Amino acid sequence: MNGQPDRPKPPVMRRVLDDLRHARVLVLHPRDEDGAMLTAHLKRLGCSVTATWPLPAAVPPDTDTIFVQVDNLPRETLSAMLQDRNPAIIAIMTYETPTALQAIMDLNVHGVISKPLRPFGILAQFVLARYRRGYEGRLSGKIQKLEETMKGRRLVERAVKLMAELRSISDDEAYRTLHEQATARRVSLASVAGALLEAKTTLSGIGLSISGNDPGSAK
């Protein structure tokens, strides 16, 4: 019997389904039975779906997921359309031809669905593609922060050497001096270091010199 109430969905599943309901999906597929089935299935999941073929002049600005047939796709055109954009991309392919395989690599797709299309499997690829896109975004953000940290550290090292030479003090004393200035001004240590190095460059540019050598200026 089916008299028992439905079990509540786990929190993770609720978050997944809520994420899909907020998705803005672009379907790039010929207007045939497969394309109609895919569009209808995505709409049943609660997504906002736009279906078009052939390729549009531009991707709608709020698009965060694209289902695209890659067989004989002018991938250079799509790649240009996606420049500076970062949607999740699910490739749809009929045959594993060299052209189709090259397209999924060039587009750096996050999921693949084979034809003929069936409702089973679409949801799994949809969820996986959006998860991978989010993971790549978080990883890219961490890498950017790390690069900024390393850049700031190099600035501080150069500024410490310069300050030590200007005042004839040790590196430790120079570092403490820069740190005290940063604390007093409520700015980052890297900002103070950058200002010091920029001041040296500006003075050098108008023919004035500062005693001591900046070991990083030649890099």
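What follows draws every value from the coordinates through simple rules; no lab data is involved. Owing to the predicted nature of the structure, the values given are computational and were not obtained by experimental measurement. Heads up, the Cβs are rebuilt from the backbone with ideal geometry, glycines too, and the neighbour counts pull from every protein chain shown.
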Taking springs between alpha-carbon atoms closer than 10 angstrom, which of L20, L166, L28 fluctuates most in the Gaussian network model of the chain? L166
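Using the Cβ atoms and a cut-off under 15 Å, what net charge is assigned to the surroundings of M81, where Lys and Arg are +1 and Asp and Glu are -1?
-3
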Using helices alone, what [θ] at 222 nm do you get for the chain, with -39,500 (n - 2.57) per DSSP H run of 4 or more residues, divided over all residues and rounded to the nearest 500? -18000 deg cm²/dmol
Between L38, L189, L107, find the one with the highest GNM mean-square fluctuation for the chain; connect C-alpha pairs within less than 10 Å. L189
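Could you tell me whether the chain comes out rounded, prolate or oblate from its Cα gyration tensor? Rule is a ≥ b ≥ c as square roots of the eigenvalues, rounded for a/c under 1.5, then prolate if a/b exceeds b/c, otherwise oblate. If you can, show how the numbers build up before the last one.
Working: a/c = 4.08, a/b = 2.34, b/c = 1.75.
Prolate is the answer for the chain, as a/c is 1.5 or above and a/b outweighs b/c.
Using the count of nearby Cβ atoms within 10 Å as a rough guide to exposure, how do H110, H179, H29 rank from fewest to most? Walk me through the numbers on the way to the answer.
Numbers: H110 24, H179 14, H29 20.
Ascending number of Cβ neighbours within 10 Å: H179, H29, H110.
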Mind checking the angle between helix 33-44 and the chain's longest principal axis? C-alpha axes, 0 to 90 degrees, to the nearest 10. 70 degrees
Rounded to the nearest 10 degrees, the helix 171-185 long axis (Cα) sits at an angle to the longest Cα principal axis of the chain of 70 degrees
Tilt, helix 11-21 to longest principal axis of the chain (alpha-carbon atoms), in degrees rounded to tens, equals 80 degrees
Extent of the stretch 141-205 along each principal axis, from alpha carbon coordinates, in Å, largest to smallest? 39, 28, 20
Given springs between every Cα pair under 10 Å in a Gaussian network model of the chain, which of T77, T183, T99 has the largest fluctuation? T183
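Provide the packing ranking of 191-199, 56-64, i.e. peptides ordered by the mean count of other C-beta atoms within 10 Å per residue, highest first. Mind showing how you got there, number by number?
On the way: 191-199: 17.8, 56-64: 11.9.
Answer by packing, highest mean first, reads 191-199, 56-64.
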With L139 itself left out, Lys, Arg at +1 and Asp, Glu at -1 over residues whose Cβ is under 13 Å from its Cβ give +3
For the stretch 93-110, Karplus couplings with θ = phi - 60° (6.51, -1.76, 1.60), whole Hz, Gly/Pro x: 9, 8, 10, 7, 7, x, 5, 5, 5, 5, 5, 5, 6, 5, 7, 6, 5, 9
Just the Cα atoms of the stretch 64-159, one point each, no solvent: what log10 I(q)/I(0) does Debye give at q = 0.11, 0.12, 0.23 Å⁻¹? -0.43, -0.49, -1.16
For I66, the residues 5 or more places away or on another chain with a placed amide H closer than 5 Å to its own amide H are L26, A88, I89, I90
Net charge contributed by nearby residues that have their C-beta within less than 13 Å of L101 (K/R +1, D/E -1): -2
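Starting from 0.36 nm per residue, how many nanometres of slack lie between F120 and T52 once their C-alpha separation is accounted for?
Additional length available on full extension: 22.2 nm.
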